[in-house]
């Protein structure tokens, strides 16, 4: 009865909120089961398999060990079939990645990936599973580790830089992936295995042979998984009385048996195949950003053919897309799906599925990590649907400017057809599906800390340690100060690049990725791991964590010390060391009277453009281990900044207090005076984004009434178009209400499904730790109007 009541409420919510496309009772029932995790597999099932492989097969090479884990997991983890299922397979919904987000579920990723996370006592898992996982207690840290941080001079420098919150460089793929899901839509599993068998006869080295054996084992495991799914579907059908559910499950069983032997015939089978290749990536991956790429482009030929041959109606297709959205939903969602944009031939790729996925998110009310590519000829009706989805309060879709993105990629040597095929993965990170190695978020530069260290002569004001020996204590001019500060930026970049290159070199040795390699173009013809130079391109995305705090601090420093000469640098240094105590009037002056990022001020715009350009320029002399280019990004992970960076930065000239909040990515500083949304976006547009092909996170928090009313959607579309016309790269609007968030704190059960966008990641608000909830509420308080 309780489930039935929830289903009826879901139908009412869908119908009232999204009139033309309410969900069917059967789909509403599926959604409610998904929200209550009824189909979720236990994470320790994969962990037990991994333990047995690493314990019992020590003589296998790392790539074959990983492949064996993936294959056995496919063969042994039984899908939990729901009566209303249209898609079936291995499902993990509550894996916790980022600190403070669902902390009560932190054990789940440890149990799923013990070879990376080790063992944790006290996990709520069966006694037998816990006994098996205890084998990892005997290991010194992780078995599969990228590097020993104490290994050499470079790593020692890295530890110091991280300890002071300056930078966090790494060069591993980690959990951010964007495989070519279309490979197994056009090549059957038996076809790929036959190709591997032929290639085995031609290879010369043990490394190539091992890689091919690993690929074949992954494919064999997937093949067996389809058969296992078919058996479970047939078993579940025999237990049901609803003839429609029985029919659907038996049809899906037939499809799974077919997919074990052949390519998909229909849209439904293509969705099932993509869901399963995504599961392979997740079994290979201890992260949360296993992305789908340009899903509307991949699936449209199946949809078009089904309609033409009378196998499917538009409404039936919509039901399937809704079921897919429901099955892939997680409480923390970074599995990006990309819609719209130019096709490789330069024509518009927007199609019926582009709109259908947006409607599916609205109808199911399940936040989906959707990115939308927009160009000059994007259909107005599609843009209006994008605006409608944004206004519905999901914090989605994120919108990307094709003209800027493609030009930026061309400047990094990407071929035109490949540049036009870009897609975001995870949060907002740009890569090329199946053609790049997906190393992104690999720097985490905190420029504001380097401004602070330059002010204090290279010493950290919080620890008293000297971080850089040769920074002067005084400067004759502001440009002298900036030259010294820019020198520190270059030095940190140089060290970070060394660390990234070392990680790139070690990753294929210690942490190969056979499932991801299986879904990379050319993997059989050129049998190398995706981490070891296989992809056509080897970019590394290098992040700058924020910009507003940096430029506001530089502007205030220039005004107080070098232009008005209100204080010498030595005096101002003492004011900052005292955390502005006794100088609140000067602090208010810096905050309220000086130009700030977000006010569309020309002097700040110039400073913003110059600082962003300098960071990007620092990477130009460098190349990756495999000859690729570094792709600058602007993106700060709010959870990591709030807990890992803010406590390591003292008082700054911008008025920021010691260990206090800083700006996120392209947002204004918290509680900082700023203009309306157009002024903020004009400040963002000051940057030359052709220098930033790795992507930017431009999530602006807005009040709900900003785009309300009959003309609200038109106003939103106009704002998006104006920002992109001004040269902006990416934007998403997050509608937050302090009142609603406070109500959720008071009554978490009633608001258990309230999703908020933190940065690129969305998560249930009530499952955030208290400090992160308050951080979201602070953002809501400063929302744009």
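The values are calculated or read from the model by the stated rules, or taken from the named source; none is laboratory data. Fair warning: this is a prediction, and the values are worked out from it, not measured in the lab. FYI the Cβ positions are ideal-geometry reconstructions off the backbone, even for glycines, and counts take in every protein chain you see.
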### Query
Take the residues of the stretch 756-785 that are closer than 22 Å to residue 663 by Cα, under 21 Å from the mean Cα position of the chain (by Cα) and part of a strand (DSSP E or B): which is modelled with the highest pLDDT?
768
### Message
Quick test of your reading of the structure: residue 542 fulfils all but one of (1) closer than 30 Å to residue 416 by Cβ; (2) out of contact with any strand residue (DSSP E or B) (no Cβ under 8 Å at 6 or more places or on another chain). Name the failing condition by number.
### Response
(2)
### Query
Can you pull out the residues in the stretch 697-730 that are under 17 Å from residue 369 (Cα atoms) and either modelled with pLDDT of 95 or more or part of a helix (DSSP H, G or I) (or both)?
730
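With the stretch 506-604 as the region, which helices (runs of 4 or more DSSP H) entirely inside it contain at least 1 residues that are closer than 30 Å to residue 216 by Cα and touching a residue at least 40 places away in the same chain (Cβ under 8 Å)? Break it down stepwise before answering.
Numbers: elements: 514-518, 548-557, 569-577, 584-592.
Output list reads 514-518.
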### Task
Quick one: count up the residues across the stretch 387-407 that are part of a helix (DSSP H, G or I) and in contact (Cβ under 8 Å) with a residue 60 or more places away in the chain.
13
### Query
Which of (1) over 20 Å from residue 222 (Cα atoms); (2) surrounded by fewer than 20 Cβ atoms within 10 Å (Cβ to Cβ); (3) modelled with pLDDT of 95 or more does residue 99 not meet, given it meets every other one?
(3)
### Residues of the stretch 25-80 classified as closer than 21 Å to residue 276 by Cβ and assigned to a loop (DSSP other than H, G, I, E, B), total
10
### Task
Name every residue in the stretch 605-624 that is assigned to a loop (DSSP other than H, G, I, E, B) and either in contact with a strand residue (DSSP E or B) (Cβ under 9 Å, 6 or more places away or on another chain) or surrounded by 21 or more Cβ atoms within 10 Å (Cβ to Cβ) (or both), in order of residue number.
618, 619, 620, 622, 623, 624
### Query
Can you tell me which residues in the stretch 439-481 are in a helix (DSSP H, G or I) and under 33 Å from the mean Cα position of the chain (by Cα)?
447, 448, 449, 450, 451, 452, 453, 454
### Summary
Among the residues of the stretch 348-385, the number that are surrounded by 19 or more Cβ atoms within 10 Å (Cβ to Cβ) and assigned to a strand (DSSP E or B) is 5
#### Entry: Every residue from the stretch 306-320 that is in a loop (DSSP other than H, G, I, E, B) and either in contact with a helix residue (DSSP H, G or I) (Cβ under 6 Å, 6 or more places away or on another chain) or without any contact (Cβ under 8 Å) to a residue 40 or more places away in the chain (or both)
309, 310, 312, 313
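Which one is surrounded by the most Cβ atoms within 10 Å (Cβ to Cβ), of the residues in the stretch 420-431 that are touching a helix residue (DSSP H, G or I) at 6+ places or on another chain (Cβ under 8 Å) and under 16 Å from residue 345 (Cα atoms)? Spell out how you get there, then give the answer.
First, the residues of the stretch 420-431 that are touching a helix residue (DSSP H, G or I) at 6+ places or on another chain (Cβ under 8 Å): 420, 422, 430.
Next, from what is left, pick out any that are under 16 Å from residue 345 (Cα atoms): 420, 422.
Working: 420: 23, 422: 28.
The residue in question is 422.
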### Selection status of residue 333, at pLDDT below 95 and out of contact with any helix residue (DSSP H, G or I) (no Cβ under 8 Å at 6 or more places or on another chain)
yes
### Message
Could you check the stretch 284-305 and list, in sequence order, the residues that are within 17 Å of residue 334 (Cβ to Cβ), at pLDDT 95 or above and not in a loop (DSSP other than H, G, I, E, B)?
### Response
293, 295
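Among the residues in the stretch 69-76, are any within 25 Å of residue 251 (Cβ to Cβ) and surrounded by fewer than 22 Cβ atoms within 10 Å (Cβ to Cβ)? Don't jump to the end; show me each part of the working.
Just the residues of the stretch 69-76 that are within 25 Å of residue 251 (Cβ to Cβ), to begin with: 74-75.
Pick out the ones that are also surrounded by fewer than 22 Cβ atoms within 10 Å (Cβ to Cβ) and you get 75.
So far as the stretch 69-76 goes, yes, one or more of its residues are within 25 Å of residue 251 (Cβ to Cβ) and surrounded by fewer than 22 Cβ atoms within 10 Å (Cβ to Cβ).
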### Query
Going by the conditions given, is residue 183 within 25 Å of the chain's Cα centre (by Cα), surrounded by fewer than 21 Cβ atoms within 10 Å (Cβ to Cβ) and modelled with pLDDT of 90 or more?
yes
### Message
Taking the condition of being touching a residue at least 12 places away in the same chain (Cβ under 8 Å) and in a helix (DSSP H, G or I), how many residues in the stretch 252-265 meet it?
### Response
7
### Query
Can you tell me which residue in the stretch 242-251 is surrounded by the fewest Cβ atoms within 10 Å (Cβ to Cβ), limited to those that are touching a residue at least 24 places away in the same chain (Cβ under 8 Å) and assigned to a helix (DSSP H, G or I)?
244
### Single residue of 695, 709 found to be within 18 Å of residue 397 (Cα to Cα) and out of contact with any helix residue (DSSP H, G or I) (no Cβ under 6 Å at 6 or more places or on another chain)
695
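Of the residues 453, 462, only one is under 26 Å from residue 540 (Cβ atoms), modelled with pLDDT of 95 or more and in the same structural domain as residue 620 (by TED's automatic domain parsing); which? Spell out how you get there, then give the answer.
Values: 462 fails: under 26 Å from residue 540 (Cβ atoms).
Testing whether each residue is under 26 Å from residue 540 (Cβ atoms), modelled with pLDDT of 95 or more and in the same structural domain as residue 620 (by TED's automatic domain parsing) leaves just 453.
Here is a yes/no grid of residues against (1) buried (at least 24 other Cβ atoms within 10 Å of the Cβ); (2) over 22 Å from the mean Cα position of the chain (by Cα); (3) more than 21 Å from residue 467 (Cβ to Cβ):
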site: 633; (1), (2), (3): yes, no, yes
site: 650; (1), (2), (3): no, yes, no
site: 658; (1), (2), (3): no, yes, no
site: 662; (1), (2), (3): yes, no, no
site: 671; (1), (2), (3): no, yes, yes
site: 676; (1), (2), (3): no, yes, yes
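Hey, could you check the stretch 187-201 for residues that are part of a loop (DSSP other than H, G, I, E, B) and surrounded by fewer than 16 Cβ atoms within 10 Å (Cβ to Cβ) and say which is farthest from the chain's Cα centre (by Cα)? I'd like the intermediate steps shown before the answer.
Taking the stretch 187-201 and keeping what is part of a loop (DSSP other than H, G, I, E, B), we get 187-188, 201.
Applying the additional criterion that residues be surrounded by fewer than 16 Cβ atoms within 10 Å (Cβ to Cβ) yields 187, 201.
On the way: 187: 28, 201: 40 Å.
Among those that are part of a loop (DSSP other than H, G, I, E, B) and surrounded by fewer than 16 Cβ atoms within 10 Å (Cβ to Cβ), it is 201.
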